[in-house]
Structures are given as structure tokens and as C-alpha cells.
Amino acid sequence: MKGSILAMNKNKIVAASFVLLAFVATLSACKDNKSTGLEYARNMYDPLAYNPDQPNNNFANGQTAQTPPANTNPIGFVKYEYANTKEGYEAAGANLKNPLPHSEQNLLSGKHYYTVFCGPCHGDNGDGKGHLVQIEKYAGVPAYHGDAASSRGGAMSDLSEGKIYHTIMYGLNNMGSHASQLTPDQRWKVVMYVQQLQKIQ
């Protein structure tokens with residue numbers, strides 16, 4: 001009998017404590033309309049670092065985002081030395097060589113990137129009949145093999161690796177630049193695969 005009364009008192013104490021805690025939490029949440037109440041781990045949504053557009057007294061110009069020092073490049077940045085001109089195109093064609101080894105793995109990667117980025121216009125076989133051409137969205141897309149002529153002169157099947165790379169970098173005619181979509185290594189893999197397509201009879 002005494003044990004059951006003690007157990008009932010414990011249950012009442014626990015229930016009363018829970019009600020009191022809920023009441024205090026409700027009251028503290030309602031005291032300020034702008035308050036979010038109890039906040040857990042504030043540093044998860046109040047960053048310690050400055051935001052790029054936030055004023056910053058640590059710099060003379062009062063800005064957080066600073067212009068990089070002259071003649072510096074981001075980590076991993078590869079500078080492309082050839083201008084987007086006919087002269088730059090010819091110089092790239094004469095001087096640029098694929099730095100990647102000709103391997104089955106590089107060729108497979110090149111085929112993948114080609115299918116994703118080039119195939120919609122140039123076609124999976126490099127015949128200039130990709131699905132965007134077939135639905136008449138674009139016209140005049142050249143084939144990489146056969147007698148197709150480049151708009152810059154010469155046959156598409158004779159384009160050097162440097163000229164292909166230069167065209168991927170800057171684009172040409174309806175083709176936009178793919179420099180932001182493909183890293184330098186990925187571009188060279190695409191070049192490697194395009195050169196395979198050039199050999200199709």
C-alpha cells in the first residue's frame with residue numbers, strides 16, 4: 001500500500017514538473033513577438049566569419065570582398081594564352097598539343113563528355129546530326145569526318161588538336177564557349193575523342 005502511494009506521488013511530481021516546464025517554455029516564447037524562443041547552436045546560423053557584402057573595418061576600403069592582388073591566379077587555375085581571334089586560333093592549332101596520354105580510360109571519359117556537351121548538336125557519331133539539329137533548332141552544324149568544311153577554312157576532318165581545343169574554349173558561330181562546363185583535362189579528353197571521330201570514313 002505504501003509503495004503504491006509512493007509510486008503515485010512520483011507520477012504526480014513528474015506530471016506536474018512537465019506541465020510547469022511546458023508553461024514556462026510557452027511563456028518565454030510568447031514574451032517577444034520577434035524572438036525565436038530558445039535557440040540551439042546559434043553559430044550554425046549566425047556565422048562568425050564576415051559575409052562578402054558585409055562592411056569590414058579590417059580593411060582600408062571597408063569592404064570584406066577584396067580584389068585579388070595583381071598577377072595572382074586562383075588555386076587550380078590554368079591560364080589560356082591564346083586570344084579569341086583568327087591569329088589565336090591558328091597559333092593554338094600550330095602550338096597546342098594534348099598533354100594527356102592516349103589511353104582507353106581517357107578516350108572513354110572523352111566520349112562521355114562529348115556525348116553530354118557536344119553530341120546534342122554534333123551527333124553521337126560526329127556527323128553533325130544531333131537531336132537539336134533534327135528538331136530544327138540549329139542548322140549548319142558540321143560533321144567531324146567526310147568532306148565537311150570548317151567555317152574557318154579547311155576540312156573538319158583535318159582540324160588539329162589545338163584548333164579543336166581553342167574552339168571548345170571560345171566557341172564558334174552558334175556554338176558557345178564550353179570553358180565553364182569543362183575543366184582543361186576534360187577538354188583535352190573531348191579533343192582526344194573528337195580526333196577518333198575524325199577518322200570515321
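The values are calculated or read from the model by the stated rules, or taken from the named source; none is laboratory data. Keep in mind it's a predicted model, so treat the numbers as computed, not measured. As a convention, Cβ positions derive from the backbone with ideal geometry for all residues, glycine included, and neighbour counts pool all protein chains shown.
The helices (runs of 4 or more DSSP H) found wholly in the stretch 89-201 and carrying at least 1 residues that are of a type in the set (S, T, N, Q) and at pLDDT 90 or above occupy 104-117, 161-170, 184-198. Exactly one residue out of N84, N98 is among the polar types (S, T, N, Q), in contact (Cβ under 8 Å) with a residue 24 or more places away in the chain and touching an Asp or Glu at 6+ places or on another chain (Cβ under 9 Å): that is N98. Scanning the stretch 1-35 for residues that are over 51 Å from the mean Cα position of the chain (by Cα) and among the charged types (D, E, K, R), we see that the one that is modelled with the lowest pLDDT is K2. Residues of the stretch 51-95 that are out of contact with any Gly (no Cβ under 9 Å at 6 or more places or on another chain), under 24 Å from L182 (Cβ atoms) and of a type in the set (A, V, I, L, M): I75, V78, A83.
The single condition from (1) out of contact with any helix residue (DSSP H, G or I) (no Cβ under 8 Å at 6 or more places or on another chain); (2) under 20 Å from K199 (Cα atoms) that S157 fails is (1).
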